[in-house]
Every structure is written in C-alpha cells, then in structure tokens.
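Participant: The structure that follows is given in the form of structure tokens.
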Amino acid sequence: MRIQVITGNQEEGKKARYMQRPLNSEEREFAAENHALIYEYMRYKKLDVETFYDELIFDYLTAVKKYVTEKPELQIHYPFKQVLF
C-alpha cells in the first residue's frame with residue numbers, strides 16, 4: 001500500500017476525496033473480500049492497528065475503487081495485493 005502518514009487537515013482532505021463517490025455494490029463486495037489485506041499490511045510494516053487503521057482505510061477504499069472500476073486494466077496485469085502494497 002502506498003501510504004503516507006497524515007494528520008489533521010490532511011486526513012480530512014483524504015476523507016473528503018474518498019466521500020466524493022461512495023463504493024458501488026461490486027466495489028463493496030470486493031472490499032469486504034479483501035479487507036484482511038489491511039491487517040496484513042499493518043503487520044508487515046509493524047504498524048499499530050489502533051493508531052493507523054482509521055488512516056489506512058481511506059487509502060484502501062480508494063485503491064478498491066481504482067482497481068475494480070476506475071482502472072480495471074490493472075486486474076489484467078497485477079493482483080490487488082501488489083497494487084495495494
């Protein structure tokens with residue numbers, strides 16, 4: 001997952017960009033099926049779940065949108081885990 005730690009107004013900006021378009025049903029299903037990857041990423045990077053989950057979830061959901069709907073050609077070349085990490 002290509003993530004940078006953000007705080008304050010930056011976090012609100014990320015949330016606002018994500019909220020511009022809610023997940024469609026296909027994206028919701030895909031996000032639910034792959035949700036464990038967030039925890040895998042945090043274990044890999046040794047990040048505390050309590051501290052970082054709320055920040056990472058917006059990047060995760062944005063990646064789901066791009067992978068499933070906005071740039072489906074990624075599915076041909078890369079597994080989602082590779083795109084996410």
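Participant: Return the residues of the range 25-66 that are among the β-branched types (Val, Ile, Thr) and within 20 Å of residue 82 (Cβ to Cβ); say none if nothing qualifies.
Facilitator: Taking the range 25-66 and keeping what is among the β-branched types (Val, Ile, Thr), we get 38, 49, 51, 57, 62, 64.
Of everything in the range 25-66, those that are among the β-branched types (Val, Ile, Thr) and within 20 Å of residue 82 (Cβ to Cβ) turn out to be 38, 57, 62, 64.
Participant: Of the conditions (1) under 20 Å from residue 24 (Cα atoms); (2) not aromatic (Phe, Trp, Tyr); (3) not in a helix (DSSP H, G or I), residue 47 fails just one. Which one is it?
Facilitator: (1)
Participant: Select, from 82, 75, the only residue that is exposed (fewer than 12 other Cβ atoms within 10 Å of the Cβ), assigned to a helix (DSSP H, G or I) and either of a type in the set (S, T, N, Q) or touching a His at 6+ places or on another chain (Cβ under 6 Å) (or both).
Facilitator: Values: 75 fails: exposed (fewer than 12 other Cβ atoms within 10 Å of the Cβ).
From the options 82, 75, the qualifying one is 82.
Participant: Is there any pair linking a residue in the range 22-41 that is within 13 Å of residue 61 (Cβ to Cβ) and among the small types (Gly, Ala, Ser) to one that is in a helix (DSSP H, G or I) and at pLDDT 95 or above, with Cβ under 6 Å and at least six apart or on different chains, and which?
Facilitator: Within 6 Å, the pairs are 31/64.
Participant: Another question, if that's okay. Within the set of pairs 6+ apart or on separate chains, which have a first residue in the range 44-57 that is free of Cβ contacts under 8 Å to residues at least 60 places away in the same chain, a second that is surrounded by 12 or more Cβ atoms within 10 Å (Cβ to Cβ) and aromatic (Phe, Trp, Tyr), and C-beta atoms under 9 Å apart?
Facilitator: That search, which allows pairs on different chains as well, returns 44/85; 45/52; 47/41; 47/53; 49/39; 53/39; 56/41; 57/18.
The values are calculated or read from the model by the stated rules, or taken from the named source; none is laboratory data. From a predicted model like this one, the values you see are computed outputs, not experimental measurements. Here Cβ is always computed from backbone atoms with ideal geometry, including for glycine, and neighbour counts include all displayed protein chains.
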